[in-house]
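Reading through the structure tokens given below for one structure.
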Amino acid sequence: MDGNGRWAKARHLPRAAGHRKGMEAVRAVVRAAGDLGVEYLTLFGFSSENWKRPEDEVKDLMGLLRIYLRRDARDLHEQGVRLRIIGDRARLAPDIQAQLDEVEALTADNTALTLMIALSYGGRDELVQVARALAADVAAGKIAPEAIDEAAFSARLFTHGIPDPDLLIRTSGEQRISNFLLWQMAYTEFVFVETLWPDFDRESLSAALDVYARRERRYGAVVA
Ligand code: IPE
Ligand code: MG
């Protein structure tokens, strides 16, 4: 979800105003995703690198997260959304961790849409955690090095049990992965749009899904 700062700057508003508008876009897009039949939606909310932003901005973003969790938990639940957080949640404030636990528990059995929000998330960081977990299991004699395969690896990712993404949408004209879901995006289709995240809406999502639908996915094979 990129472009909040530029959205605000274009309107001579503080960056926080862009983040606030970005939160409204989250509401609209989550609802639209459910309506359009999307079963899994992952939003990159805050990266492990975003901690380097000025303290005030980090505070604003965390404040918005608190507001979102408080105000939207019930709506998400009513929409049949199952919330799951991926990332290094230990770095988040204790009250936010508690809120996240609560909303995850509340929505755990919902089946309409799985909403994953990546918070304090870094793809390399996730891969390092997997390597560490595997090494620990090998050292403990729980698994033989030869038994480490793609399934054993995937099972230790934050996203275990969730299918790899079919489509990545990056907003605001940037064309980078920025350390997102590195393992999981091996065969993901990328769609880059100029739209700034606060302006991204139901129509933008629907248009990106149309682009995706016209892509031919071969997974390295030849298709006649
Ligand atoms: C939102 O957009 C991304 C978050 C970290 C929440 P940015 O804050 O990166 O906006 P730009 O790139 O400055 O426009
Ligand atoms: Mg940005």
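Scanning the chain for GluC sites (Glu not before Pro) lying in DSSP loops with no more than 15 further Cβ atoms inside 10 Å, the longest uninterrupted stretch between such sites is 50-173.
The calculated FRET efficiency for the pair residue 51 and residue 149, based on their C-beta separation and a Förster distance of 41 Å, comes to about 0.75. Separation of segment 66-99 from segment 1-49 is 15 Å, based on Cα centroids. Residues in segment 61-89 near a label at residue 104, defined as backbone nitrogen under 15 Å from the 7 Å Cα→Cβ point? Only 82-89 pass the distance filter. Think of segment 108-166 as having a plus end and a minus end, set by charges on the Cβ of Lys, Arg, Asp and Glu; of 162, 116, 131, 131 sits farthest toward the positive end of this dipole. Under 22 Å Cα to Cα from residue 9, which lysines show up? Leave out anything in the same chain fewer than 8 places away. Qualifying lysines at Cα under 22 Å: 21, 52, 59.
The charge dipole of the chain, taken about its Cα centre with unit charges on the Cβ atoms of Lys, Arg (+1), Asp and Glu (-1) only, comes to about 560 debye. Taking all protein chains as shown and a probe of 1.4 angstrom, residue 212 keeps an accessible surface of around 50 Å². A probe of 1.4 angstrom, applied to the heavy atoms of all protein chains, finds residue 51 with accessible area near 60 square angstrom. Taking 0.36 nm per residue of sequence separation and removing the Cα-Cα distance, the residue 24/residue 167 pair yields an extension gain of 49.3 nm. Once C-alpha pairs closer than 8 Å and six or more residues apart are averaged by separation and normalised to the residue number of the chain, the relative contact order reads 26 percent. One chain, two ends: residue 67 and residue 179. Fully extended at 0.36 nm per residue, the span grows by 37.7 nm beyond their Cα-Cα distance. Here the extension length gained between residue 36 and residue 127 equals 29.6 nm, from 0.36 nm per residue of separation less the Cα-Cα distance. The residues 11, 70, sorted by heavy-atom accessible surface at 1.4 Å with ligands and nucleic acids left out, run 70, 11 from largest to smallest. Our helix-only sum for the chain, with -39,500 (n - 2.57) per DSSP H run of n ≥ 4 divided by its residues, gives a mean residue ellipticity at 222 nm of -14500 deg cm²/dmol.
The values are calculated or read from the model by the stated rules, or taken from the named source; none is laboratory data. Since the model is a prediction, treat every value here as computed from it, not as a measurement. Backbone-built Cβ (ideal geometry, glycine too); neighbour counts: all protein chains shown. We work out accessible area using only protein heavy atoms, side chains counted, and drop any ligands, DNA or RNA first. Shrake-Rupley method; radii C 1.70, N 1.55, O 1.52, S 1.80 Å.
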